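A quick write-up on the structure given underneath.
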Amino acid sequence: MDPNDPRDDGAARPLAALTELLRRTHLAPPDLLPSAVDDAVVNLRARATIYLADYSHTVLVPMPTAGAAPLPVLPIDTTLAGLAYRTTSTQTTVTSPEPHLWMPIIDGLERLGVLKIVPADAGDLEDPVFLVRCWWFTHYLGHLVSVVDAFGDGIDVIRRQLRRSLSAELIWQLLPPLTSGTDKVLVSGRLEPSATVGGDVFDYALSDDKAQFAILDATGHDLRSGLAAATALAAYRNSRRQGHGLFEQTESIHRAVRDEFGGHMYATGVLGRLDLRSGVLRYLSAGHPPPLLLRGGKVVKSLAQGHRPLLGLDMRSASVAEEALEPDDVVVLYTDGIIEARDEEQQFFGIDRLVDFLEREAAASTPLPEIARRVCRRMMEYQNGVLQDDATILLVQWTTTGQHLLDPVR
């Protein structure tokens, strides 16, 4: 369809835009995604530019189109584009020389970046129909970004603003999407330093009736630590996928670390299983900092009952604990790199500062993935950008309402 055809009433434009994007990306490598978007968005009578969040979630990096002039990187914390990303909401600029909107690029619930859309007619920015059409286009684009990222480096080289260590390369290939969810649960995790993380890893598996999750921290933060974390994660997934319970999953991790590293490496961790029908959480901690329970904007307790010794060390005793959650409760799992972060005076960040930070963000109704991002940013600031240890956080929320905070058209 020719969008300039005077007989065009606009009804077929969204389908034409989506169809063109699908056709152009069917056999296209990742680096040709910008040109495919250019051709497709013409059907909406607009131009568009893709910006992707870097792996540290500090800047939005433009994805270049062949022959186009280079564009600047945009800070996430101080720009309108960053606001669209942080709040997963559409932001509009009508007074600049080039009126445009910023729309978050999301795959499912995972934030990937933003799309700058410049309509041919600035009046379209006031048209709710145009905004909905742009949302559908951007929503589909988010799925495509994840799909094409799997078979090329074109997306990765844009998002990778720092050189990675071998251990970080290994860990990042093992991670699930940083944010995901269903109509009953939300999960979001982050780890820092993104380019040199060594022994921290997390995982989860969601189904209609349960959410299973784990956070693991292997000794050190070098390649050997990464190998130990990878071994622990593989053992966890293998046991979980065989339908084993928390005790069996934990023992599988223990045996794998012990047998592969001969007692020279160990790991800490927390494993959990949340019944999404009843809200009953079963958990087990192996030498790891106890999770926090965030309820009604307040941290009401530490979950410190279920425990066993370090993974890789023979068991003396073990127990699985239960906790009854209330709707919208958030379980906060973290590694010791969070609370043991040190400032210039060698003062620990500590559990009290973490609790205060979580409560302030919850009181502000900050979306779950943004809380995770801000915790890690706070850690980096506290240590002047240099972490002495890996710092990882995993948030699990039992909710049927928190999802609306991640809806770009709410």
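What follows draws every value from the coordinates through simple rules; no lab data is involved. These figures come from a predicted structure and were not determined experimentally. With ideal geometry, Cβ positions are generated from the backbone for all residues, glycine too; neighbour counts draw on all protein chains shown.
Residue by residue, the range 107-119 carries 3J(HN,Hα) couplings of 10, x, 10, 8, 6, 10, x, 9, 10, 8, 10, 10, x Hz when phi is fed to the Karplus relation 6.51 cos²θ - 1.76 cosθ + 1.60 (θ = phi - 60°); x denotes Gly or Pro.
Angle check, please: helix 128-149 long axis (alpha carbons) against the longest principal axis of the chain (alpha carbons), in degrees 0 to 90, nearest 10. The answer is roughly 50 degrees. Among Arg342, Arg111, a tally of other beta-carbon atoms within 10 Å of each Cβ gives an order, fewest to most, of Arg342, Arg111. Listing Ser146, Ser278, Ser225 from fewest to most neighbouring C-beta atoms within 10 Å gives Ser278, Ser146, Ser225.
Cα convex hull, the range 198-342: 106 Å³ per residue, rounded to a whole number. Across the range 79-92, coupling constants 3J(HN,Hα) worked out from phi with the 6.51/-1.76/1.60 Karplus curve, θ = phi - 60°, read 10, 5, 4, x, 4, 4, 5, 5, 9, 6, 9, 6, 10, 10 Hz, and Gly and Pro carry x.
To the nearest Å, what is the center-to-center distance of the range 81-97 and the range 248-273, using C-alpha atoms only? Distance between centres, Cα-based: 45 Å.
The C-alpha atoms of the chain define a longest principal axis, and helix 223-241 lies at about 90 degrees to it.
Backbone phi angles across the range 326-332, fed through the Karplus curve with coefficients 6.51, -1.76 and 1.60 (θ = phi - 60°), yield HN-Hα couplings of 9, x, 6, 4, 10, 8, 10 Hz in residue order; Gly and Pro are listed as x. For the range 13-158, the direction-averaged projected area of the alpha-carbon convex hull comes to 8.2 nm².
Charges were assigned to the Cβ only: +1 to each Lys and Arg, -1 to each Asp and Glu. The resulting dipole of the range 13-158 about its Cα centre is roughly 240 debye. Would you mind classifying the range 292-348 by shape? Square roots of the alpha carbon gyration tensor eigenvalues, ordered a ≥ b ≥ c; an a/c under 1.5 is rounded, otherwise it is prolate if a/b is larger than b/c and oblate if not. The shape class here is oblate. The Rg/Rh ratio of the range 164-406, with both radii computed over alpha carbons and Rh defined as the Kirkwood radius, is 0.94. By other beta-carbon atoms within 10 Å, ranking His307, His26, His244, His264 with the fewest at the front produces His26, His264, His244, His307.
Ordering Gly123, Leu186, Gln173 by the projection of their Cα atoms onto the charge dipole of the range 114-227, which places +1 on the Cβ of Lys and Arg and -1 on the Cβ of Asp and Glu, puts Gln173 at the extreme positive end. Given +1 at the Cβ of Lys and Arg, -1 at the Cβ of Asp and Glu and no other charges, the dipole of the range 164-406 around its Cα centre is 440 debye to the nearest 20. Put a plus charge on the Cβ of each Lys and Arg, a minus charge on the Cβ of each Asp and Glu, and nothing anywhere else: the dipole of the range 90-139 about its Cα centre is then about 140 debye. The range 355-397 and the range 138-182 have Cα centres spaced 21 Å apart. Placing unit charges on each Cβ (+1 for Lys and Arg, -1 for Asp and Glu) gives the range 164-406 a dipole about its Cα centre, and among Tyr382, His307, Leu281 the Cα reaching farthest toward its positive end belongs to Leu281. The translational diffusion coefficient of the chain, from Stokes-Einstein at 25 °C and 0.890 mPa s with a Kirkwood hydrodynamic radius over alpha carbon pairs, comes to 109 µm²/s.
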